[in-house]
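**Q** I am attaching a structure below and will ask some questions about it afterwards.
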Amino acid sequence: MEASKFLNPNSSQGMSSSSTSLASAEEEIRQDNIEQLELLSGVHDHYGGVIVEMKDPIDPKEFGSLLRASLSQWRQLGKRGIWIKLPIELANLVEVVVKEGFVFHHAEPNYLMLVRWISETTNSLPHNASHRVGIGAFVMNTNREVLVVQEIGGKFKGSGVWKLPTGVVNEGEDICEAAIREVKEETDIDAEFVEVLAFRQSHNSFFTKSDLFFVCMLRPSSYDIQKQASEIEAAKWMPIDEYADQPFVRANSAFDYVAKVCVAKANNDYTGLSANPTFSSSGKLSYLYSKLKI
């Protein structure tokens, strides 16, 4: 059972009838005659909240009693946001938590995070992640030919439109690394990241989430295409002007603008943002994208 012992300062059992002062009597009660309560174990975060991570099986009724007692204690302690992380193996506890006023915050393949604001102050809990991040890869060889693909599925299926390789950035993956990976996966072309040429933000894109899409330029180091059989119908090197002149591209402003940026870069009339490695005070690596190379 995931629980710990906490002392209840409100118990008044065995109050002495001594003639000591009220303050002394209250202190004696707190120290000698207090009732112990069993509460859920949790980590106190830096924002006045508590994070409870359930791991072991427990009877839902027993869990409900522990949760209610814990909420009462946390209120007395002035806690604000209460987080409960339930692994998928303990999905039977979800109803119990929801009945105590918790709401879903986010879910991953192996757990569900629920949260409740118990303070009288204004709720300042952070919302779930609001954006998905994607990349489009502009890969051009020395013959001014662009690497393009036609997809087996998706909204461009059967349209005949040639498009840049695209994909979603994985958790923990840098934008520059995602662009290299997607090109390799879809076409088997090895490439080096050069710059972020542009980015676009859109909303209500994926299950109501917003979307950030980065157009990245890569320099190829191999040229023989081997298309990804599961996702790519066809792939080839196409003259950049032919790519930009496709009717679909010209008729859709977002695609047309990206094509114009790519053409400007091909003509050396445009400078994008380079990936500059930086380190936090703890030594964590991240990339700062800027025109100033560090």
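The values are calculated or read from the model by the stated rules, or taken from the named source; none is laboratory data. Predicted model, so just to flag it, every value in this text is computed and none were measured. Virtual Cβ from ideal backbone geometry, glycine too; neighbours counted across all protein chains shown. Each accessible area value is taken on the protein alone, full model and side chains, heavy atoms only, with ligands, DNA and RNA left out. Shrake-Rupley method; radii C 1.70, N 1.55, O 1.52, S 1.80 Å.
**Q** Write down the percent of antiparallel bridges among all DSSP beta bridges whose residues are both part of the stretch 43-117, to the nearest 5.
**A** Here the antiparallel bridges make up roughly 80 percent for the stretch 43-117.
**Q** Something else now. What full-extension length gain, to one decimal in nm, is calculated for Ala229 and Leu292 as 0.36 nm per residue of separation minus the Cα-Cα distance?
**A** 18.7 nm
**Q** Using θ = phi - 60° and the Karplus relation 6.51 cos²θ - 1.76 cosθ + 1.60, list the HN-Hα couplings for the stretch 236-246 in order, rounded to whole Hz, with x at every Gly or Pro.
**A** 6, 8, 10, x, 4, 5, 5, 4, 5, 8, 4
**Q** Which residue, chosen from Tyr289, Gly42, Leu71, occupies the Cα position most advanced towards the positive end of the dipole of the chain, where the dipole is computed from +1 (Lys, Arg) and -1 (Asp, Glu) charges on Cβ about the Cα centre?
**A** Farthest along the dipole direction, towards plus: Tyr289.
**Q** Sorted by average packing, counted as other Cβ atoms within 10 angstrom per residue and highest first, what order do 99-107, 62-70 take?
**A** Packing proxy ranking, top to bottom: 62-70, 99-107.
**Q** Still on this structure, I have one more. Which shape class applies to the stretch 43-117: rounded if a/c is under 1.5, otherwise prolate when a/b exceeds b/c and oblate if not, where a ≥ b ≥ c are the square roots of the Cα gyration tensor eigenvalues? Please report the intermediate quantities before stating the final value.
**A** Values: a/c = 1.84, a/b = 1.29, b/c = 1.43.
Oblate, because a/c is 1.5 or more while a/b does not exceed b/c.
**Q** Treat every Asp and Glu Cβ in the stretch 131-290 as -1 and every Lys and Arg Cβ as +1, leave all other atoms uncharged, and give the resulting dipole magnitude about the Cα centre to the nearest 20 debye.
**A** So the magnitude is around 420 debye.
**Q** If you don't mind, there's one more thing I want to ask. Using the basic label-point model (7 angstrom from Cα toward the beta carbon), what is the Gln76 to Asp241 distance in nanometres?
**A** Placing both labels 7 Å beyond Cα along the Cβ direction yields 8.1 nm.
**Q** Kindly write out, for the stretch 154-163 in residue order, the coupling ³J(HN,Hα) from the Karplus curve 6.51 cos²θ - 1.76 cosθ + 1.60 (θ = phi - 60°), rounded to whole Hz, with x marking Gly and Pro.
**A** After applying 6.51 cos²θ - 1.76 cosθ + 1.60, I find x, 6, 9, 4, x, 7, x, 7, 9, 10 Hz.
**Q** Let me ask something else about it. Taking only protein heavy atoms and a 1.4 Å probe, what accessible area per residue, in Å², does the chain have with all protein chains in place?
**A** That works out to 59 Å² for each residue.
**Q** Mind listing the long-range amide H neighbours of Ala191? Cut-off is under 5 Å, sequence gap 5 or more, other chains count too, H placed in the peptide plane at 1.01 Å from N.
**A** Hits under the 5 Å cutoff: Ser221.
**Q** What percent do you get for the relative contact order of the stretch 167-214 when only Cα pairs under 8 Å and 6+ apart count?
**A** Answer for the stretch 167-214 is 24 percent.
**Q** Taking the structure as given and computing percent of Cα pairs over 23 Å apart, which label from [x] 55; [y] 68; [z] 62 fits?
**A** Given [x] 55; [y] 68; [z] 62, the calculated one carries the label [y].
**Q** While we're on this one: If the cut-off is 17 Å between C-alpha atoms, which lysines fall inside it for Lys55, apart from same-chain ones fewer than 8 positions away?
**A** List returned: Lys85.
**Q** Please give the net charge around Asn123, taking every other residue with its beta carbon less than 14 angstrom from that of Asn123, where Lys and Arg add +1 and Asp and Glu add -1. Don't skip to the answer; put the middle values down first.
**A** Numbers: positive: Lys79, Arg80, Arg116; negative: Glu120.
Computed value for this residue: +2.
**Q** Per the 1.4 Å probe, what fraction of the accessible area of the stretch 139-294, in percent, lies on carbon and sulfur atoms?
**A** In the stretch 139-294, the share of accessible area belonging to carbon and sulfur is 52 percent.
**Q** Under unit Cβ charges (Lys, Arg +1; Asp, Glu -1), what dipole magnitude, rounded to 20 debye, does the stretch 43-117 have relative to its Cα centre?
**A** Dipole magnitude for the stretch 43-117 comes out near 400 debye.
**Q** What spacing in nm lies between the two simple spin-label points modelled at Tyr270 and Ser119, each 7 Å away from Cα in the Cβ direction?
**A** 4.7 nm
**Q** Counting Lys +1, Arg +1, Asp -1, Glu -1, what net charge surrounds Val148 among other residues with beta carbon under 12 Å of its beta carbon?
**A** So the surrounding residues net to -2.
**Q** Here's something else I'd like to know. If I take R0 = 25 Å and measure r between the Cβ atoms of Phe279 and Val168 in this structure, what FRET efficiency does the formula 1/(1 + (r/R0)^6) give, to the nearest 0.05?
**A** On the way: r = 26 Å, r/R0 = 1.05.
Calculated transfer efficiency: 0.40.
**Q** Follow-up. Taking square-rooted eigenvalues a ≥ b ≥ c of the alpha carbon gyration tensor, is the stretch 177-294 rounded, prolate or oblate, where a/c under 1.5 means rounded and, failing that, a/b exceeding b/c means prolate?
**A** Cα axes put the stretch 177-294 in the rounded bin.
**Q** Run the dipole for the chain about the Cα centre, Lys and Arg Cβ at +1, Asp and Glu Cβ at -1, nothing else charged, and hand back the magnitude in debye, nearest 20.
**A** Result for the chain is approximately 820 debye, rounded to the nearest 20.
**Q** For the stretch 43-117, calculate the relative contact order in percent as a whole number, restricting contacts to Cα pairs under 8 Å that are 6 or more residues apart.
**A** Rounded, it is 33 percent for the stretch 43-117.
**Q** For Glu38 and Val94, FRET efficiency with R0 = 30 Å and r from the beta-carbon atoms, rounded to 0.05?
**A** Details: r = 22 Å, r/R0 = 0.73.
Efficiency, from the Cβ-Cβ distance: 0.85.
**Q** Compute the relative contact order of the chain as a whole-number percentage, counting only Cα pairs closer than 8 Å that sit 6 or more residues apart in sequence.
**A** Computed value for the chain: 12 percent relative contact order.
**Q** Where a Cα-Cα gap under 15 Å defines reach, which aspartates and glutamates qualify for Lys265, not counting those fewer than 8 residues away within the same chain?
**A** Answer for Lys265, where 15 Å is the Cα cut-off: Glu145, Glu195, Asp241, Asp256, listed by chain and number.
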